[in-house]
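Here's the structure we're looking at; comments come further down.
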Amino acid sequence: MSGLASDKAVGSGIFGASIAGIVIYALLMIYAWEITIRVTMFIAVALVLGILAWIGYTMATTPPPEPLTEPETQQEKKEESSSQNK
């Protein structure tokens with residue numbers, strides 16, 4: 001199976017699963033709306049807080065970058081080289 005055919009199969013599977021998820025969610029909203037809303041809100045809040053925790057952890061554990069030095073201009077290089085040649 002070529003890469004393109006495999007990508008199309010995966011894409012079709014994702015599409016089908018998404019449509020099935022929409023239908024199942026709609027049915028849950030009709031027949032068990034209270035628990036569906038509670039679970040949905042919990043998942044949404046947990047995802048947002050989880051992303052914030054990941055950002056905070058990354059910021060806390062990543063070492064600071066090395067300070068950048070300013071690049072010398074062409075004029076400064078010429079002045080240095082002429083003063084060294086004297």
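Quick note: the coordinates plus some simple rules give every number you see, no bench work behind them. A quick note: this is a predicted structure, and the numbers were derived from the prediction, not measured. Cβ placement follows ideal geometry from the backbone for every residue including glycine, while neighbour counts extend to all protein chains displayed.
Quick notes on this one:
- J(HN,Hα) series, region 23-32, from Karplus relation 6.51 cos²θ - 1.76 cosθ + 1.60, nearest Hz, glycine and proline x: 5, 5, 4, 4, 5, 5, 5, 6, 9, 9
- Fraction of alpha-carbon pairs over 16 Å apart in region 3-66 - percent: 69
- The simple spin-label model puts a point 7 Å past each Cα toward its Cβ; for residue 36 and residue 15 those points are separated by 2.5 nm.
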